1. Please find, among Ile257, Ile246, the residue that is modelled with pLDDT of 85 or more, within 17 Å of Ser151 (Cβ to Cβ) and in a loop (DSSP other than H, G, I, E, B).
2. Applying the selection to segment 123-148, what residues are within 15 Å of Phe220 (Cα to Cα) and either assigned to a helix (DSSP H, G or I) or aliphatic (A, V, I, L, M) (or both)?
3. Of all residues in segment 236-268, how many are in contact with a His (Cβ under 8 Å, 6 or more places away or on another chain) and without any contact (Cβ under 8 Å) to a residue 12 or more places away in the chain?
4. Looking only at segment 110-131, which residues are closer than 12 Å to Pro143 by Cβ and surrounded by 12 or more Cβ atoms within 10 Å (Cβ to Cβ)?
5. In contact with a His (Cβ under 9 Å, 6 or more places away or on another chain) and not in a strand (DSSP E or B) - does that describe any residue in segment 171-183?
6. I want to confirm something. Restricting to segment 20-50 and keeping residues that are outside any helix (DSSP H, G or I) and closer than 15 Å to Lys180 by Cα, which single residue is modelled with the highest pLDDT?
7. Can we say Thr281 is farther than 20 Å from Thr179 by Cβ, polar (S, T, N, Q), exposed (fewer than 15 other Cβ atoms within 10 Å of the Cβ) and modelled with pLDDT of 90 or more?
8. From (1) modelled with pLDDT of 95 or more; (2) within 30 Å of Phe10 (Cβ to Cβ); (3) of a type in the set (A, V, I, L, M), pick out the condition that doesn't hold for Ile73.
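The values are calculated or read from the model by the stated rules, or taken from the named source; none is laboratory data. Since this is a predicted model, take the numbers as computed values, not measurements. Neighbour counts run over all protein chains shown; Cβ positions are idealised from the backbone, glycine included. Protein only, heavy atoms only, side chains kept; ligands, DNA and RNA dropped before computing areas. Shrake-Rupley method; radii C 1.70, N 1.55, O 1.52, S 1.80 Å.
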Amino acid sequence: MSDLKFTSVFAPYINEYLQHKRNMGIKEITLIKLEGKLKGFDVFFNHMGIKEPVITEETISSWRKSENSNKPITTYGKTLIMRDFCRFLCKMGCVSYIPRPNRTFRTDFVPYVFTHQEMKKIFVVADSLRKHASANTHLFSFPTILRLLYSTGIRISEALNIRNKDVDWSKRTIRLTHTKNSHVRLVPLCDSMFCVLDVYCQKRNKLPIEGTDSPDAFLFITGIGKKCQPDSILTYFHKVIRKSGIIYKGGQFGPRIHDLRHTFAVHSLKKMSDSGMNLYTALPILSTMLGHSYVASTEYYIRMTLEAFPEIIQKEKQLSEIFKSINDGKQ
């Protein structure tokens with residue numbers, strides 16, 4: 001922790017909140033950043049002259065006005081923290097209004113969602129590159145990494161930090177410890193991904209390198225036993241994109257390797273919709289898979305899914321009519 005001191009009426013609750021986050025296993029560097037945001041709240045509470053640990057809707061409204069000079073996306077991030085803190089206050093027995101995050105701001109960024117046909121082509125090209133590559137390159141692990149990113153929606157940084165001990169072969173899950181929000185989470189492996197990973201590990205363990213299967217060794221390595229690096233994986237990803245006939249615009253316009261995460265989300269919602277599940281029922285499941293702290297952070301994938309598969313709109317309407325008729329029959 002830093003040397004910041006909280007002086008508002010909420011000081012003991014802020015300290016308790018930070019300890020709660022620490023007990024959850026959040027990294028120290030993330031806690032320090034969170035502490036800085038909470039200090040801003042603390043200053044605001046003092047400025048408002050709040051004498052009782054109560055947050056009203058008017059309090060939140062005044063706080064949002066004080067954030068007008070910030071970028072909308074910055075205020076959005078702070079609102080998520082304020083929302084979580086207010087929920088914590090309620091659990092502690094305090095009266096607190098729960099603010100709703102407002103994500104109506106526009107950005108120029110549009111994620112690229114690969115089609116199923118494009119994903120098949122990407123895998124074919126990646127496999128062909130590995131067949132003709134020397135054994136000491138990142139191409140030894142590259143095709144397996146791509147499939148893991150697409151089938152689970154995890155981030156490239158999360159994938160490259162997986163160690164052998166994080167894979168539970170009996171339960172077919174992977175334990176992620178190096179996550180964006182510092183929350184440890186379990187990711188299930190589908191049957192096809194489980195088989196791909198099993199074959200990869202068998203080949204990896206036959207390399208003339210000692211310790212490839214030790215618990216603390218990294219899961220994904222080069223042909224000479226070195227940990228895979230994100231820059232090299234990105235270089236091969238861009239090469240595969242071009243060889244797959246997909247237009248690469250570069251920079252934030254991509255397609256980027258992180259777009260495999262967006263593609264996983266959209267394709268997962270489509271699959272759950274095809275199974276008869278309502279999109280908003282499927283949303284918490286997807287949110288958990290992606291490791292989002294709030295379901296609201298996952299909601300925009302519904303819009304992306306409807307844009308990619310407009311036929312789902314009619315299906316959602318039919319489901320709504322069925323549920324309505326059932327409810328009417330119970331009355």
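1. Exactly one of Ile257, Ile246 is modelled with pLDDT of 85 or more, within 17 Å of Ser151 (Cβ to Cβ) and in a loop (DSSP other than H, G, I, E, B), namely Ile257.
2. Scanning segment 123-148 gives Arg130, Ala135, His138, Leu139, Phe140, Phe142, Pro143, Thr144, Ile145, Leu146, Arg147, Leu148.
3. Qualifying residue count for the region: 1.
4. Matches in segment 110-131: Ile122, Phe123, Val124, Val125, Ala126, Asp127, Ser128, Leu129, Arg130.
5. Checked segment 171-183: at least one residue is in contact with a His (Cβ under 9 Å, 6 or more places away or on another chain) and not in a strand (DSSP E or B).
6. Here is the first cut: in segment 20-50, the residues outside any helix (DSSP H, G or I) are 24-27, 49-50.
Among the residues that remain, those that are also closer than 15 Å to Lys180 by Cα are: 24-27.
Working: Met24: 84, Gly25: 80, Ile26: 81, Lys27: 75.
It comes out as Met24.
7. Taking the combined requirement at face value, the residue does not satisfy it.
8. (1)
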